[in-house]
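Peer 1: Handing you a structure now.
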Amino acid sequence: MAQPELFTITDGVQLCAVQADTFKTGRITVQMALPLAGDIAAKAALPYLLRRSCRAYPTVTALNGHLDTLYGATLGASVQKKGEAQILQISVSAIDDRFALDGESVSAQAAQLLMQLLFDPKLEDGTFPQADVDTEKRLLLERMRAEDDDKRVYACRRCEEVMCENEAYSRNRYGTAEEIGSLTSARLFSAWREALETAVIRVVLVSSSTPDTVRDLLRTHFGPLERRVCTIDTQFVQTAQAVKTARETQALMQGTLVLGLRCGMRDSLDMDPAMRVAVDIFGGGTYSKLFTIVREQMSLCYFCAARLNSDKGILLVASGIETENEEKAREAILDQLRAMQRGDFTQETLDTSVRSICDTIRGYNDSPDVLCSWYGNQIFRGTAKTPQERIAEMQGVTLSQVRDAANHITPDTVFMLAGTGEDSHE
Amino acid sequence: MNEKRYADALLDESYREIRHPSGLTIRVLHKDGYKSSFALFATKYGSIDTRIAQPDGSFRAIPEGTAHFLEHKLFESEDLDAFARFAKTGANANAFTSFDMTAYLFSCADRFSENLEILLDFVQSPYFTEETVRKEQGIIGQEIRMYRDSADWEVEFNLLRALYHHHPVRIDIAGTEQTIAEISADLLYDCYRNFYDLHNMVLAVAGNATAEDVLAVADKVLKPAAGKPAVREFVPEPKAPAKTYIVEHMPVRMPSFALGYKEAIRTPERTVKESLCTSVLLDAVAGRSSELYRRLLESGLINTGFDSQYFYGFGYANCEFSGESADPERAAAEIRKAVAAVRQTGIAREDFERARRKLYGRLVMGFNDVESVAVDLVESYFAGADLFERARVCREMTLEDVNARLPHILEDDTAALSVILPADGKEA
């Protein structure tokens with residue numbers, strides 16, 4: 001696999017290209033980052049609206065039929081929060097030309113299609129057709145509702161909302177139901193222009209071919225635009241004040257307890273990679289304190305895991321528990337944090353953690369999708385650090401750095417989604 | 001040692017299948033340029049195996065959920081449990097139990113041989129005591145309760161409970177808190193002897209590792225087994241579903257549904273051709289480029305999560321359409337109408353071509369991922385097929401093959417509908 005190459009297409013638009021002939025597929029992802037503010041709902045609906053059709057393939061049926069003939073090429077659309085940025089993503093994956101049965105160039109057509117979706121959508125009277133906007137409004141509302149039906153996801157989101165209530169981060173990445181309900185094609189049209197003209201954009205290409213075609217396509221399309229690149233700032237709250245608590249009850253068999261903690265980071269690279277390792281020893285792998293002690297020894301929960309969000313400097317611990325064990329589980333989790341802060345872990349555990357993290361990172365090279373996320377994640381840094389370079393950084397982490405990182409962590413919020421414990425399902 | 005090599009030039013892949021003297025079959029697909037390897041050690045023993053064959057040919061019932069329980073317990077040994085051993089190497093280890101298999105797995109980019117040794121060793125070293133069994137009953141009880149809160153899980157299992165009268169595919173994979181209470185250490189040893197004979201198992205490896213890497217460890221660690229594959233009992237199901245409608249109220253915001261058509265089968269297993277022709281047919285009828293999909297989407301009856309699948313295993317087969325819907329019953333009625341029409345006319349040639357090309361592309365894409373390759377190596381082995389048969393069948397499939405499936409599937413009087421509705425009845 002070749003080293004990644006970075007190209008500046010125009011102000012604020014970068015292409016990161018990885019040439020690799022190991023894969024059956026090629027993939028292109030386009031990430032457009034905007035502040036998590038303003039018309040969040042319109043921006044959230046945009047990638048899905050762009051993914052549904054374009055001028056050349058003006059209906060869902062025509063576009064999906066075209067994808068079928070491109071050997072089941074897939075288009076992805078999504079909206080994510082990265083710190084206090086709203087990232088709109090649209091992507092295409094298609095089989096490598098070598099595997100097409102009739103010798104046609106699938107990859108060139110896939111790249112072309114992605115450009116058509118982004119730059120040449122279906123418009124009527126200069127704007128998006130109202131019927132399409134109405135369907136996408138409904139789909140976005142349903143997507144939002146369905147996410148609440150995954151109780152773990154819901155409890156984590158609620159914990160973040162309570163924890164960051166006075167920060168932009170508390171905003172739902174889809175906006176509110178009211179904002180979605182009132183969406184108009186004019187608002188979506190201006191979100192489209194805002195994204196193309198002001199977003200920080202990173203395109204990642206993983207393909208067996210040279211990046212020339214995609215680079216030239218991007219230059220042709222972005223060249224004529226007048227770009228004024230937005231600025232995106234994320235507020236890092238370093239220390240929690242008094243611990244906040246919030247609680248909801250639903251007719252569930254099981255409860256979900258989520259602890260939100262502040263990591264004491266000043267920016268996304270502060271205490272990196274020691275913080276990453278600290279969180280892993282605390283509640284990452286099967287060797288972590290939360291897994292071996294809270295889950296296995298104490299049998300308090302079927303899952304209990306910690307996840308670092310370095311883009312916001314926060315840490316969430318989610319745990320599936322019997323509702324009556326709420327207090328016991330909370331104390332057990334916090335006990336393990338205190339143990340981390342006392343430095344109650346060995347060099348052997350540190351080695352285990354680093355080895356495991358590095359083993360996972362080494363495998364990133366084996367998937368076009370993962371490589372796209374890996375390089376896409378570096379959007380704000382403008383870098384193209386390889387997995388190998390990241391491994392070298394990880395291997396330098398020391399016991400005292402990890403303990404020091406753990407000592408910057410403070411508990412901020414406890415959110416409990418309580419179950420009634422009854423089987424109301426019959 | 002008996003060895004075969006399989007290759008597919010159009011896919012640019014090949015693998016080796018070795019019949020090891022211990023009795024175990026080993027399949028290895030080496031991928032040039034890959035850093036990681038994925039290994040899967042699997043036995044043909046899943047949640048549907050609720051009866052053990054006796055020497056006299058009769059069958060004895062075992063509690064529901066035993067296969068899954070055994071999977072959990074195998075991770076423990078007298079000294080260091082398997083998770084702790086894998087932690088030292090940095091591998092990512094796990095296990096799963098499905099309807100028809102139990103598999104133990106790891107992925108790693110470093111120290112492959114050491115990891116494979118741990119995998120083969122712990123699966124061959126059962127250690128159960130009454131005390132550890134009791135403790136596990138609590139942990140699995142929590143897991144069972146967790147799944148009961150998942151609407152996606154419930155809508156699917158309710159459909160199976162509606163479609164099947166007695167086939168064990170209708171029971172939860174983990175069993176219930178009542179059935180697992182009946183499990184004892186002795187019973188686990190019985191099941192282990194019956195189902196974990198190496199002749200009933202397969203080892204599949206995909207990625208950076210080579211067959212030589214795998215065999216060096218296998219020669220060292222595998223204990224010869226004298227037994228033979230476990231026997232499964234085929235009990236045909238009545239053609240009609242047990243229930244045509246099943247509804248459950250849960251604390252959800254989006255209602256969801258699964259519409260299933262049970263297939264009347266005379267033999268327990270489906271061929272690769274039957275399976276792929278059915279998938280192509282379902283995609284032509286309800287895929288994203290179909291007329292039905294457009295109509296349902298535009299009339300607000302489905303969202304982009306709508307999907308269809310051919311769901312089958314030993315003794316069961318059904319076609320399913322599932323998704324979220326503000327009005328599940330109307331969505332199901334529309335699907336039934338479209339399905340009835342297709343049964344009259346068959347699918348059109350252009351729809352067939354599109355669906356077949358898509359399927360072929362997706363089969364090619366599957367070879368990117370070492371996990372998916374390893375799983376396919378296992379599944380195809382248990383199905384008595386080679387890994388490339390699906391791609392071959394897909395390349396050769398005709399419209400006539402696909403439409404020839406229609407008389408056997410999707411009959412309206414074999415259908416059942418499973419629906420999950422919000423408990424408060426207010427949403428959507």
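The values are calculated or read from the model by the stated rules, or taken from the named source; none is laboratory data. Here the structure is a predicted model, which is why all the values come from computation and not from measurement. Cβ atoms come from the backbone with ideal geometry, glycine included; neighbour counts cover every protein chain shown. These accessible areas exclude ligands, DNA and RNA; they are computed on the full protein's heavy atoms, side chains included. Shrake-Rupley method; radii C 1.70, N 1.55, O 1.52, S 1.80 Å.
Peer 1: Please go through the stretch B:37-65 and give me each residue that is farther than 17 Å from B:Asp197 by Cα and open to solvent by less than 10 Å² (accessible area, probe 1.4 Å), ordered by number.
Peer 2: So in the stretch B:37-65, the residues farther than 17 Å from B:Asp197 by Cα come out as B:37-39, B:47-48, B:50, B:56-65.
Those that are farther than 17 Å from B:Asp197 by Cα and open to solvent by less than 10 Å² (accessible area, probe 1.4 Å): B:Ser37, B:Ala39, B:Ser47, B:Gly65.
Peer 1: Please list, ordered by residue number, the helices (runs of 4 or more DSSP H) wholly in the stretch B:210-301 having 1 or more residues that are under 28 Å from A:Arg51 (Cα atoms) and within 14 Å of chain A (Cβ to nearest Cβ). Walk me through how you get there before you give the answer.
Peer 2: Numbers: elements: B:211-221, B:272-286, B:291-298.
Correct list: B:272-286, B:291-298.
Peer 1: Something else now. Regarding the stretch A:66-81, can at least one residue be identified that is assigned to a helix (DSSP H, G or I), open to solvent by 20 Å² or more (accessible area, probe 1.4 Å) and facing chain B (nearest Cβ under 10 Å)?
Peer 2: Taking the stretch A:66-81 first, the residues assigned to a helix (DSSP H, G or I) are A:66-69.
Filter once more, keeping what is open to solvent by 20 Å² or more (accessible area, probe 1.4 Å): A:66, A:69.
With the extra rule that they be facing chain B (nearest Cβ under 10 Å), the set shrinks to A:66, A:69.
Yes, the stretch A:66-81 has at least one match.
Peer 1: Now a separate question. Identify, please: which residue in the stretch A:307-317 is under 15 Å from A:Leu337 (Cβ atoms) and touching a Lys or Arg at 6+ places or on another chain (Cβ under 9 Å) and is, among those, farthest from the other protein chains (Cβ to nearest Cβ)? Break it down stepwise before answering.
Peer 2: Initially, the stretch A:307-317 is screened for residues under 15 Å from A:Leu337 (Cβ atoms), giving A:307-308, A:314-317.
If we keep only those that are touching a Lys or Arg at 6+ places or on another chain (Cβ under 9 Å) as well, we get A:308, A:314-317.
Values: A:Leu308: 18, A:Ile314: 25, A:Leu315: 21, A:Leu316: 18, A:Val317: 17 Å.
Only one residue tops the list, namely A:Ile314.
Peer 1: Could you tell me how many of the residues in the stretch B:368-403 are open to solvent by less than 20 Å² (accessible area, probe 1.4 Å) and within 7 Å of chain A (Cβ to nearest Cβ)?
Peer 2: 2
Peer 1: Suppose we filter the stretch A:284-340 for residues that are part of a helix (DSSP H, G or I), modelled with pLDDT of 95 or more and open to solvent by 40 Å² or more (accessible area, probe 1.4 Å); how many remain?
Peer 2: 6
Peer 1: For a quick check of your reading of the model, give me the residue pairs whose first member lies in the stretch A:294-316 and is farther than 21 Å from A:Gln80 by Cα, whose second is open to solvent by less than 40 Å² (accessible area, probe 1.4 Å) and part of a loop (DSSP other than H, G, I, E, B), with beta-carbon atoms closer than 6 Å and at least 6 apart or on different chains.
Peer 2: Sorted first by the residue in the stretch A:294-316, then by its partner, the pairs are A:Val294/A:Leu300.
Peer 1: Which members of the stretch B:311-325 meet the condition of being in a strand (DSSP E or B), open to solvent by less than 20 Å² (accessible area, probe 1.4 Å) and more than 14 Å from every other protein chain (Cβ to nearest Cβ)? Can you show your working first?
Peer 2: Of the residues in the stretch B:311-325, the ones in a strand (DSSP E or B) are B:311-313, B:316-324.
Of the ones still in play, those that are also open to solvent by less than 20 Å² (accessible area, probe 1.4 Å) are B:313, B:316-321, B:323.
Within the stretch B:311-325, B:Gly313, B:Tyr316, B:Ala317, B:Asn318, B:Cys319, B:Glu320, B:Phe321 meet the criteria.
Peer 1: Further question on the same structure: Of the conditions (1) touching a Gly at 6+ places or on another chain (Cβ under 9 Å); (2) surrounded by fewer than 15 Cβ atoms within 10 Å (Cβ to Cβ), B:Tyr34 satisfies every one except a single condition; which number is it?
Peer 2: Evaluating B:Tyr34 over (1) touching a Gly at 6+ places or on another chain (Cβ under 9 Å); (2) surrounded by fewer than 15 Cβ atoms within 10 Å (Cβ to Cβ) leaves (2) as the failure.
Peer 1: Return the residues of the stretch B:312-335 that are touching a Phe, Trp or Tyr at 6+ places or on another chain (Cβ under 9 Å) and not small (Gly, Ala, Ser); say none if nothing qualifies. Quick ask: steps written out before the conclusion?
Peer 2: Step one: list which residues in the stretch B:312-335 are touching a Phe, Trp or Tyr at 6+ places or on another chain (Cβ under 9 Å), which gives B:313-325, B:328-329, B:331-332, B:335.
Correct list: B:Phe314, B:Tyr316, B:Asn318, B:Cys319, B:Glu320, B:Phe321, B:Glu324, B:Pro328, B:Glu329, B:Ile335.
Peer 1: Exactly one condition in (1) within 24 Å of B:Asn115 (Cβ to Cβ); (2) aliphatic (A, V, I, L, M); (3) more than 9 Å from chain B (Cβ to nearest Cβ); (4) buried (at least 20 other Cβ atoms within 10 Å of the Cβ) is false for A:Ile379; which is it?
Peer 2: (1)
Peer 1: Quick check on the stretch B:174-184. Is at least one of its residues open to solvent by less than 40 Å² (accessible area, probe 1.4 Å), among the aliphatic types (A, V, I, L, M), at pLDDT below 95 and part of a helix (DSSP H, G or I)?
Peer 2: No, the stretch B:174-184 contains no residue that is open to solvent by less than 40 Å² (accessible area, probe 1.4 Å), among the aliphatic types (A, V, I, L, M), at pLDDT below 95 and part of a helix (DSSP H, G or I).
Peer 1: Here's something else I'd like to know. Looking only at the stretch B:24-70, which residues are under 18 Å from B:Val169 (Cβ atoms) and among the charged types (D, E, K, R)?
Peer 2: Residues satisfying the conditions are B:Lys44, B:Asp49, B:Arg51, B:Glu64.
Peer 1: Take the residues in the stretch A:239-258 that are part of a loop (DSSP other than H, G, I, E, B) and more than 30 Å from B:Gly138 (Cα to Cα); name whichever of them is least open to solvent (accessible area, probe 1.4 Å).
Peer 2: Going residue by residue through the stretch A:239-258, those that are part of a loop (DSSP other than H, G, I, E, B) are A:239-243, A:251-254.
Then keep just the ones that are more than 30 Å from B:Gly138 (Cα to Cα); that gives A:239-243.
Values: A:Thr239: 76, A:Ala240: 14, A:Gln241: 151, A:Ala242: 84, A:Val243: 80 Å².
The selected residue is A:Ala240.
Peer 1: Now a separate question. Can you tell me which residue in the stretch A:23-38 is farthest from the other protein chains (Cβ to nearest Cβ), limited to those that are over 18 Å from the mean Cα position of the chain (by Cα) and crowded, with 18+ Cβ neighbours inside 10 Å?
Peer 2: We begin by selecting, within the stretch A:23-38, every residue over 18 Å from the mean Cα position of the chain (by Cα); these are A:23-26, A:38.
Imposing the further condition that a residue be crowded, with 18+ Cβ neighbours inside 10 Å reduces the set to A:23-26.
On the way: A:Phe23: 5, A:Lys24: 5, A:Thr25: 5, A:Gly26: 11 Å.
The qualifying residue farthest from the other protein chains (Cβ to nearest Cβ) is A:Gly26.
Peer 1: Ok, one more. Counting only residues that are open to solvent by less than 50 Å² (accessible area, probe 1.4 Å) and hydrophobic (A, V, I, L, M, F, W, C), which one in the stretch B:404-420 is nearest to the other protein chains (Cβ to nearest Cβ)?
Peer 2: B:Ile420
Peer 1: Looking only at residues in the stretch A:149-199 that are in contact (Cβ under 8 Å) with a residue 12 or more places away in the chain and of a type in the set (Lys, Arg), which one is least open to solvent (accessible area, probe 1.4 Å)?
Peer 2: A:Lys151
Peer 1: Within the stretch A:53-65, identify whether any single residue is at pLDDT 95 or above, more than 20 Å from B:Leu297 (Cα to Cα) and either at the interface with chain B (Cβ under 9 Å from one of its Cβ atoms) or open to solvent by less than 10 Å² (accessible area, probe 1.4 Å) (or both), and answer yes or no.
Peer 2: Checking the stretch A:53-65: not a single residue is at pLDDT 95 or above, more than 20 Å from B:Leu297 (Cα to Cα) and either at the interface with chain B (Cβ under 9 Å from one of its Cβ atoms) or open to solvent by less than 10 Å² (accessible area, probe 1.4 Å) (or both).
Peer 1: Answer yes or no: is there a residue in the stretch B:360-374 that is of a type in the set (A, V, I, L, M, F, W, C) and not in a helix (DSSP H, G or I). Break it down into steps so the answer makes sense when it comes.
Peer 2: Keep residues of the stretch B:360-374 that are of a type in the set (A, V, I, L, M, F, W, C), which gives B:363-365, B:367, B:370, B:373-374.
Cutting the leftovers down to not in a helix (DSSP H, G or I) gives us B:367.
Yes; the residues of the stretch B:360-374 include at least one that is of a type in the set (A, V, I, L, M, F, W, C) and not in a helix (DSSP H, G or I).
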